[in-house]
1. Between a first residue in the stretch 13-29 that is part of a loop (DSSP other than H, G, I, E, B) and a second residue that is within 16 Å of the ligand (Cβ to nearest atom) and of a type outside the set (Lys, Arg), which pairs have beta carbons less than 7 Å apart while being 6 or more apart in sequence or on different chains?
2. Would you pick out the residues in the stretch 9-33 that are farther than 11 Å from Lys44 by Cβ and more than 14 Å from the ligand (Cβ to nearest atom)?
3. Counting only residues that are modelled with pLDDT of 85 or more and charged (D, E, K, R), how many does the stretch 22-54 have?
Amino acid sequence: MLRGEYYCICPACWHVFKGLDIEVDATVKSMPVHCPKCRAEAVKVLPVIRLFHDKEKNHK
Ligand SMILES: [Zn+2]
């Protein structure tokens, strides 16, 4: 199941790219993301922020 998009950084070549956060067999575990440049296992750093997403919610 797809949970969202994340910015990922590769610890090997510092390439920053957008990766998908995908659940493994409906558990909390996520699929590891791999750098498109060097195929090393990358680290998720930040969810992709969608500015239009929370427009109607007013959290105080
Ligand atoms: Zn890399």
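1. Within 7 Å, the pairs are Cys13/Cys35; Cys13/Cys38; His15/Cys35.
2. Ile22, Glu23, Val24, Asp25, Ala26, Thr27, Val28, Lys29 - these are the residues of the stretch 9-33 that are farther than 11 Å from Lys44 by Cβ and more than 14 Å from the ligand (Cβ to nearest atom).
3. 4
The values are calculated or read from the model by the stated rules, or taken from the named source; none is laboratory data. Bear in mind that the values here come from a model prediction, so they are computed numbers and not experimental data. Note that each Cβ is placed from the backbone with ideal geometry, even for glycine, and that neighbours are counted across all protein chains shown.
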